[in-house]
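Quick notes on the structure that follows.
The values are calculated or read from the model by the stated rules, or taken from the named source; none is laboratory data. Small disclaimer: the values here were computed from a predicted structure and weren't measured. So basically every Cβ, Gly included, is an ideal-geometry build from the backbone, and we count neighbours across all protein chains shown. The accessibility values were calculated without ligands, DNA or RNA, using every heavy atom of the protein model including side chains. Shrake-Rupley method; radii C 1.70, N 1.55, O 1.52, S 1.80 Å.
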Amino acid sequence: MADLASSLQAWYGGTFDPIHYGHLRAVEALAKEAKLTQVTMLPNNVPPHRPQPGASSVQRKEMVELAIAGNPLFRLDSRELQRSTPSWTSETMAQLRQEAGPDAPLGFIIGQDSLLTLRTWHRYEALLACCHLLVCRRPGYPVEMKTEEDQRWLSAHLAHHADELHQQPAGKIYLADTPLYPISATDIRTRLARRQPCDDLLPPAVLDYIHRHALYRPSPAAR
Ligand code: ATP
C-alpha cells in the first residue's frame, strides 16, 4: 500500500497580494488533517481586465518566499508569473499532471469562497479531472453551494475521508475542518493604506518588506 504520509502533492494558487496568515495557517492545519508533507505555493498572474494587484509579480513572489522561508512544508513554483499572459488553473494543473504521470495523487487547495464560484471557472471539470480540490473553511462564506444543482454536483464529488485523496489520483473534493481565520488581503491593503496595525495578520518579514517597498500606501488623491 502507498505511503499515505507522502503520496499526495498539493498546490496552492492565489494572488497573494499580500500573502497572510489566513493562507498560511489554514494550509498548515489542512496539511495536518490531510497528511500533506509538501504544499507548493503558486502565485498567479492577474488578467489585464481585472483590478491589478497593489504589488508587482516579483514583489508578490518575494513576499511568498519570505513567508515560507524555513518552513519545510512549503515551496514555491513561480511558473505562472514567468509567462507573459495569465494562465488558467486548469491548464497549469494539466501541465503538472503531465509532469507527475497519471497515477500520482495531486491536489489543488482553495478557500470556501473559491469553492462557491468554482463552477464559473474556466474548464472546472477538466481541473477536477486533473486533481482533487482541498477546501479550507473561511469565515463569512456559507458552507452550502448557491443552487441545488451546484450542491448535487458537490455531493457527487465529495471525499468523506482524507485518505481517499491519497488512494486515487484526482476527482474528489475534500471539505477540511480547518479553523476559521478572519483575514483577507483586501482588508490588509485597506488597513495599511489607513496606517492601521497589521501585526497579527501576516508574518513580520512580509510586513517589513511591505514597509521597505512602500507598498499599499494610499494614492496621492486619497491622502
Ligand atoms: P483578496 O482579499 O485580495 O481577494 P485573498 O485574501 O482572498 O485576497 P487570494 O490570494 O485571492 O487571497 O486567495 C488565494 C486562495 O486563498 C483562495 O482560494 C482563497 O479562497 C484562499 N484564502 C484566502 N484567505 C483565506 C482565509 N482567511 N481562510 C481560508 N482561505 C483563504
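Report, by residue number, each residue of region 95-127 that is hydrophobic (A, V, I, L, M, F, W, C) and either at pLDDT below 95 or within 15 Å of the ligand (Cβ to nearest atom) (or both).
Those that are hydrophobic (A, V, I, L, M, F, W, C) and either at pLDDT below 95 or within 15 Å of the ligand (Cβ to nearest atom) (or both): Phe108, Ile109, Ile110, Leu115, Leu116, Leu118, Trp121, Leu127.
Considering only region 32-46, state which residues are out of contact with any Gly (no Cβ under 9 Å at 6 or more places or on another chain) and open to solvent by 10 Å² or more (accessible area, probe 1.4 Å).
Across region 32-46, the qualifying residues are Lys32, Glu33, Lys35, Thr37, Gln38, Asn45, Val46.
Looking only at residues in region 137-166 that are touching a residue at least 40 places away in the same chain (Cβ under 8 Å) and within 16 Å of the ligand (Cβ to nearest atom), which one is least open to solvent (accessible area, probe 1.4 Å)?
That would be Pro139.
Out of (1) free of Cβ contacts under 8 Å to residues at least 60 places away in the same chain; (2) part of a loop (DSSP other than H, G, I, E, B); (3) touching a His at 6+ places or on another chain (Cβ under 9 Å); (4) within 19 Å of Ile109 (Cβ to Cβ), what's the single condition that is false for Leu202?
For Leu202, the failing item is (1).
How many residues does region 1-54 contain that are at pLDDT 95 or above, under 20 Å from Ser87 (Cα atoms) and among the hydrophobic types (A, V, I, L, M, F, W, C)?
Counting residues in region 1-54 that are at pLDDT 95 or above, under 20 Å from Ser87 (Cα atoms) and among the hydrophobic types (A, V, I, L, M, F, W, C) gives 7.
If you check Leu73 against the conditions, is it open to solvent by less than 80 Å² (accessible area, probe 1.4 Å), in contact with a strand residue (DSSP E or B) (Cβ under 7 Å, 6 or more places away or on another chain) and more than 28 Å from Arg217 (Cβ to Cβ)?
Yes, satisfied.
When residues of region 9-22 are filtered for being within 8 Å of the ligand (Cβ to nearest atom) and either free of Cβ contacts under 8 Å to residues at least 24 places away in the same chain or aliphatic (A, V, I, L, M) (or both), how many remain?
Counting residues in region 9-22 that are within 8 Å of the ligand (Cβ to nearest atom) and either free of Cβ contacts under 8 Å to residues at least 24 places away in the same chain or aliphatic (A, V, I, L, M) (or both) gives 1.
When you go through (1) open to solvent by 60 Å² or more (accessible area, probe 1.4 Å); (2) in contact (Cβ under 8 Å) with a residue 60 or more places away in the chain; (3) out of contact with any helix residue (DSSP H, G or I) (no Cβ under 7 Å at 6 or more places or on another chain) one by one for Leu96, which number turns out not to apply?
Result: Leu96 fails condition (1) only.
Can you tell me which residues in region 209-219 are without any contact (Cβ under 8 Å) to a residue 24 or more places away in the chain and part of a helix (DSSP H, G or I)?
His211, Arg212
Can you find a residue that is more than 15 Å from the ligand (Cβ to nearest atom), basic (Lys, Arg) and farther than 18 Å from Tyr174 by Cβ anywhere in region 37-60?
No, region 37-60 contains no residue that is more than 15 Å from the ligand (Cβ to nearest atom), basic (Lys, Arg) and farther than 18 Å from Tyr174 by Cβ.
Restricting to region 167-179, and then to whatever is over 22 Å from Ala94 (Cα atoms) and either over 18 Å from the mean Cα position of the chain (by Cα) or surrounded by 15 or more Cβ atoms within 10 Å (Cβ to Cβ) (or both), can you tell me which residue is farthest from the ligand (Cβ to nearest atom)?
Selected residue: Leu175.
Which one of these is farther than 25 Å from Ser56 by Cβ and open to solvent by 10 Å² or more (accessible area, probe 1.4 Å): Leu106, Leu116?
Exactly one residue qualifies, and that residue is Leu116.
Of all residues being assigned to a helix (DSSP H, G or I) and not charged (D, E, K, R) in region 119-135, which is surrounded by the most Cβ atoms within 10 Å (Cβ to Cβ)? Just the residue, please.
Only one residue tops the list, namely Cys130.
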